[in-house]
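Below is one structure, written out as structure tokens, with a few remarks after it.
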Amino acid sequence: MDHRSESTETLRNKCAACFRQFNRKEHLVEHMKVSHHSGHEPMCGICNKHCRSFESLREHLIGPLPKQECKNIFSILGCRFCLTILDNPNSRRAHEGRCQFSSVNAGLLARLANLGIHDKLSIDSGRTRGPQVVALACKMVGGGSDGSLDLCARICIIDEYENIIFHTYVKPPIPVTNYRYETTGIRPEYLKEAMPLKQVQKRIQEFLCNGEPMWKIRPKGSKARILVGHGLDHDLKCLQLDYPLIRDTADYPPLMKTSKLSNSLKYLTQAYLGYDIQIGIQDPYDDCVATMRLYMRMRSQAHIKEDYPLVNNFESRRQSELERMSPEELLDISRSDYYCWCLDS
Ligand SMILES: [Zn+2]
Ligand SMILES: [Zn+2]
Ligand SMILES: [Zn+2]
Ligand SMILES: [Zn+2]
């Protein structure tokens, strides 16, 4: 094999999504089987490289080891929040202005909420349709002998327009040993007459299921509500609640670190929405709003519509058939291994 045919061989074995090159076609096929590339991955607006997460796209565009050509264009035309490339510097400026959120005025809402329970948790009657996507956040105090056991003491639920649906203090079922006042702002007297956990749990469960029996809840087309949050596993565990229809910003591959660990909500809000949360005493309303905004941004991404977005097309095909396909054809049949939130819209 001379040098020329060797390089065309490598070129033929170049992944059409992440541009990795392989010496042999079978290695590219192996790579495609495990990488789950798809049109739902974050993509560089300049060279079209697919990335597993926005974080790795950010590295590709900004650094520490960026692709120089893409970096140069990004620095003039790129939005630093959603990483999109705009047509010219003026539209970039206008776009960035819309893309960056400002912090919500939690202070006033928090004071209002302190006056009592804010409660609009209701099941839809047949005629009216209430919010179908809601965000939930809790603030925890400490229980147990060393105060390290998380107990939900405050909870907030909002609709997709950031209106409060539910906001209340919660009375934990066991004694509180650390109120964590510096971050929660919670004092013992706030919890004395608060709604007991059991009651909160029951009301939220009914509200989320919205008249649908738990076993009937499907990803699409049921009356049950989509629950958005950050680290919902932990929140739901503290609420002793079980719910299947969740969208978790701590557990969504495009929003995770390149190390596949979760980002903090504080970081995501800073990097993707452009403002600060969780400074000093924290209101769960701020967390609800941040997660809802992140969810909406992810959901509104314009991705290609595929047939059977979640079906693995590699399993049903023979190795020899796959090895005859071009890198573009392989990418064409490749499907994501996670549920992209654009499918909710
Ligand atoms: Zn690849
Ligand atoms: Zn998508
Ligand atoms: Zn690029
Ligand atoms: Zn943007």
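Listed by first and then second residue, the pairs with beta-carbon distance under 6 Å, at least 6 apart or on different chains, first residue in region 55-67 and touching a residue at least 24 places away in the same chain (Cβ under 8 Å), second within 16 Å of ligand 2 (Cβ to nearest atom), are L57/P42; L57/C51; L57/L83.
Under the condition of being outside any helix (DSSP H, G or I), within 16 Å of ligand 4 (Cβ to nearest atom) and not β-branched (V, I, T), the residues counted in region 52-83 number 6.
A Cβ distance below 9 Å, combined with a sequence gap of six or more or placement on separate chains, defines the contacts here; from region 242-271, residues that are within 16 Å of L83 (Cα to Cα) reach residues that are exposed (fewer than 13 other Cβ atoms within 10 Å of the Cβ) in the pairs T269/D276; Q270/D276. Checking region 195-217 against the condition returns a match, with at least one residue being on the phi > 0 side of the Ramachandran plot and either buried (at least 17 other Cβ atoms within 10 Å of the Cβ) or in the same structural domain as I246 (by TED's automatic domain parsing) (or both).
Among the residues of region 311-337, those identified as in a loop (DSSP other than H, G, I, E, B) and over 13 Å from G39 (Cβ atoms) are V311, N312, N313, F314, E315, S316, R317, R318, M325, S326, D337. Scanning region 331-344 for residues that are more than 9 Å from ligand 2 (Cβ to nearest atom) and of a type in the set (S, T, N, Q) gives a single hit, S334.
Scanning region 289-313 for residues that are surrounded by 18 or more Cβ atoms within 10 Å (Cβ to Cβ) and in contact with a Leu (Cβ under 8 Å, 6 or more places away or on another chain) yields A290, T291, R293, L294, M298. Using the structure shown, decide if N90 is modelled with pLDDT under 95, more than 16 Å from ligand 2 (Cβ to nearest atom) and over 24 Å from the mean Cα position of the chain (by Cα). No: the conditions fail for N90. Would you call D242 over 28 Å from Q199 (Cα atoms) and modelled with pLDDT under 95? Answer is no for this residue. Does region 284-294 contain at least one residue that is within 16 Å of ligand 2 (Cβ to nearest atom) and either within 23 Å of H31 (Cβ to Cβ) or not assigned by TED's automatic domain parsing to the domain that holds H27 (or both)? Within region 284-294, one or more residues are within 16 Å of ligand 2 (Cβ to nearest atom) and either within 23 Å of H31 (Cβ to Cβ) or not assigned by TED's automatic domain parsing to the domain that holds H27 (or both). What number of residues within region 231-270 satisfy the criterion of being outside any helix (DSSP H, G or I) and at negative phi? Qualifying residue count, region 231-270: 21. Listed by first and then second residue, the pairs with beta-carbon distance under 9 Å, at least 6 apart or on different chains, first residue in region 209-223 and outside any helix (DSSP H, G or I), second surrounded by fewer than 16 Cβ atoms within 10 Å (Cβ to Cβ) and of a type in the set (F, W, Y), are P219/Y339.
Would you be able to say whether some residue in region 63-73 is away from ligand 1 (no atom under 16 Å from the Cβ) and closer than 21 Å to T249 by Cβ? No: zero hits.
One residue stands out in region 19-42 among those that are surrounded by 18 or more Cβ atoms within 10 Å (Cβ to Cβ) and of a type in the set (A, V, I, L, M, F, W, C): the one that is farthest from ligand 2 (Cβ to nearest atom), namely F22.
Scanning region 59-81 for residues that are among the aromatic types (F, W, Y) and surrounded by fewer than 17 Cβ atoms within 10 Å (Cβ to Cβ) returns no hits.
Given the condition in contact with a Pro (Cβ under 9 Å, 6 or more places away or on another chain), touching a residue at least 60 places away in the same chain (Cβ under 8 Å) and not hydrophobic (A, V, I, L, M, F, W, C), answer yes or no: does some residue in region 160-176 qualify? The answer is yes, given that some residue of region 160-176 is in contact with a Pro (Cβ under 9 Å, 6 or more places away or on another chain), touching a residue at least 60 places away in the same chain (Cβ under 8 Å) and not hydrophobic (A, V, I, L, M, F, W, C).
Considering only residues that are loosely packed, with under 15 Cβ neighbours inside 10 Å and touching a helix residue (DSSP H, G or I) at 6+ places or on another chain (Cβ under 8 Å), which ones fall in region 224-249? Across region 224-249, the qualifying residues are Q240, D242, P244.
If you go through region 299-315 one residue at a time, do you hit one that is among the hydrophobic types (A, V, I, L, M, F, W, C), at pLDDT 95 or above and under 18 Å from the mean Cα position of the chain (by Cα)? Checked against the condition, which is being among the hydrophobic types (A, V, I, L, M, F, W, C), at pLDDT 95 or above and under 18 Å from the mean Cα position of the chain (by Cα), region 299-315 yields no hits at all.
Going through (1) over 29 Å from D344 (Cβ atoms); (2) surrounded by fewer than 16 Cβ atoms within 10 Å (Cβ to Cβ) one by one, Y161 falls short only on (1).
The values are calculated or read from the model by the stated rules, or taken from the named source; none is laboratory data. The structure displayed is predicted, hence computed values, not measured ones. Positions of Cβ are generated from backbone atoms using ideal geometry, with glycine treated the same way; all protein chains shown enter the neighbour counts.
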